[in-house]
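Let me begin by presenting the structure, written as structure tokens, before commenting on it.
The values are calculated or read from the model by the stated rules, or taken from the named source; none is laboratory data. This structure is a prediction, so every number in the text was calculated from the model and none was measured. Glycine gets a Cβ as well: all are built from the backbone with ideal geometry, and neighbour counts include every protein chain shown.
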Amino acid sequence: MSEENVSDLSALNAVSSEDLQGAKILLVDDNLQNLELIQAYLEGMPVEISTAVDGVEAIESIESNPPDLVLLDVMMPRMSGFEVCQKLKSNPDTRDIVVIMVTALHEVADYERAVESGTDDFLSKPVNKLELLTRVRSLLRVALLRRRLDELGASDGA
């Protein structure tokens, strides 16, 4: 790779990081090792990270401090990831929150159920760091751009 290409890549990463400044991510998993691993993978991103250990705690967290993106385990006690996602996507106040389901399930029916519940994307366990970071950055950028457009539209109508 030439020096110019490396420089361009560094500049691109810097701009990308600035774009995500202040974004909020909620990690939801009943397995503390999974939470810690994903949190460590996301450590270098300029985002605010919070965690929840089950679906009920996730809903409470989202109501008090809405995130821009939720990384959501599927199989959890008290309320499954499918149920959490369905609740979020059926509520006008939370339907624009990006949901990435993280699952060890590999059956087609499970992916269909996730799509029906409204998930925006999937990650399979064990989570690949590069795949996680790429999808989170991409979907966060879209979410933040959508919010900026909504804010511009609201200010135009005022």
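The table that follows gives values for the structure above.
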quantity: Segments classed as helices (runs of 4 or more DSSP H), wholly inside the range 59-158, with at least 3 members that are touching a residue at least 60 places away in the same chain (Cβ under 8 Å), crowded, with 18+ Cβ neighbours inside 10 Å and not small (Gly, Ala, Ser); calculated: 129-157
quantity: Residue count, the range 1-34 (criterion: over 18 Å from Ile97 (Cα atoms) and either loosely packed, with under 10 Cβ neighbours inside 10 Å or modelled with pLDDT under 90 (or both)); calculated: 19
quantity: Residue match in the range 35-42 (condition: assigned to a helix (DSSP H, G or I), surrounded by 11 or more Cβ atoms within 10 Å (Cβ to Cβ) and at pLDDT below 95); calculated: no
